[in-house]
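Report on the following structure.
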Amino acid sequence: MKIIMLGAPGAGKGTQAKMIADKYGIPHISTGDIFRANIKNGTELGKKAKTYMDQGLLVPDELVVDLVADRVVQDDCKNGYVLDGFPRTIPQAEALDAALGKMGAKIDFAIDVDVPDENIITRMSGRRACVACGATYHIVNIPTKVEGICDRCGAELILRDDDKPETVKKRLAVYHEQTQPLIDYYTKQGCLVDVDGTQDMADVFAAIVKILGA
Ligand code: AP5
Ligand code: MG
């Protein structure tokens with residue numbers, strides 16, 4: 001099963017993608033997590049990506065397309081994967097289609113997690129993320145057992161640099177301009193499905209499972 005998560009920054013793509021990956025036993029591939037890991041490790045890619053991410057801008061297509069094209073052909077992707085945060089522009093979607101086409105494959109579901117802009121800013125300021133394993137929490141909605149420490153792997157949690165309200169506003173603007181057109185793109189391909197992302201996490205997940213099948 002090949003799945004794409006669509007939705008605004010903070011809509012809950014990462015939260016749901018992890019649950020999908022666990023339930024269906026497929027890898028969760030988050031381009032944002034890949035960039036953050038590269039930033040943490042001080043790689044060239046990380047240095048380049050950081051200048052865009054800190055401003056709430058998208059990293060240029062050429063820095064991300066090959067990365068994903070190389071990832072989805074690895075062995076653990078044989079039974080599918082859930083892509084989180086990719087594609088984010090029409091050229092990225094076209095590049096993904098081209099890469100899949102070569103393997104005679106296609107996307108099965110593009111899941112749009114729908115949350116209005118008003119809800120997003122509150123969510124983001126409370127988010128805490130684990131740079132070690134990618135888990136995300138929320139200080140009110142999804143608190144950890146020990147404050148500031150990841151339940152899953154015990155590493156320290158961070159407030160992402162790009163979760164400041166001004167940067168979140170910029171990311172939302174970039175989303176509407178560059179990423180939202182993908183909703184039409186995947187509607188035309190006949191694989192777009194919508195879920196109401198304002199519900200509780202568990203209800204959002206139940207709606208997704210209903211679509212994907214148990
Ligand atoms: P990325 O890491 O993908 O960030 P994003 O799309 O902005 O999305 P987020 O990770 O902020 O939100 P999410 O939808 O995953 O929500 P989450 O589940 O965490 O990208 C970061 C940057 O990297 C980009 O800005 C760009 O610069 C660059 N980048 C990455 N991919 C790229 C690409 N393909 N091309 C170019 N540039 C790229 O949830 C948010 C919060 O809400 C959490 O605290 C969570 O606990 C809470 N929450 C989740 N669900 C619920 C719920 N149902 N109810 C209440 N709270 C909830
Ligand atoms: Mg995310």
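FYI, it's all coordinate maths here, none of it is from the lab. All values derive from a computational prediction rather than experimental measurement. Cβ sites come from the backbone with ideal geometry, for glycine too, and all protein chains shown count toward neighbours.
A few points about this structure:
- Separation between Cα centres of region 57-129 and region 135-200, rounded to whole Å: 13 Å
- Extension gain (nm, one decimal) between residue 145 and residue 54, 0.36 nm per residue minus Cα-Cα: 29.8 nm
- Cβ-Cβ FRET estimate between residue 103 and residue 191, R0 fixed at 22 Å, reported to 0.05: 0.85
- Label-to-label distance, nm, for residues given as residue 118 and residue 22 (7 Å Cα→Cβ offset): 3.1 nm
- Residue pairs, from the table 102/170; 23/47; 164/188; 48/145; 13/145; 13/48, whose Cα atoms sit over 32 Å apart: 102/170; 23/47; 164/188; 48/145
- With viscosity 1.567 mPa s and temperature 4 °C, the Kirkwood radius over alpha carbon pairs of region 10-143 converts through Stokes-Einstein to a diffusion coefficient of 81 µm²/s.
- Residue-span extension gain [residue 184 to residue 73] - 0.36 nm each, minus C-alpha spacing: 37.3 nm
- Gaussian network model of the chain, springs between alpha carbon atoms under 10 Å - residue of 102, 50, 169 with greatest fluctuation: 102
- Its alpha carbons considered, region 91-151 gives a radius of gyration followed by a Dmax of 17.5, 47 Å.
- Theoretical FRET efficiency, 1/(1+(r/R0)^6), r = Cβ-Cβ of residue 211 and residue 41, R0 30 Å, to 0.05: 0.25
- Shape of region 115-214, Cα gyration tensor, a/c cut at 1.5: oblate
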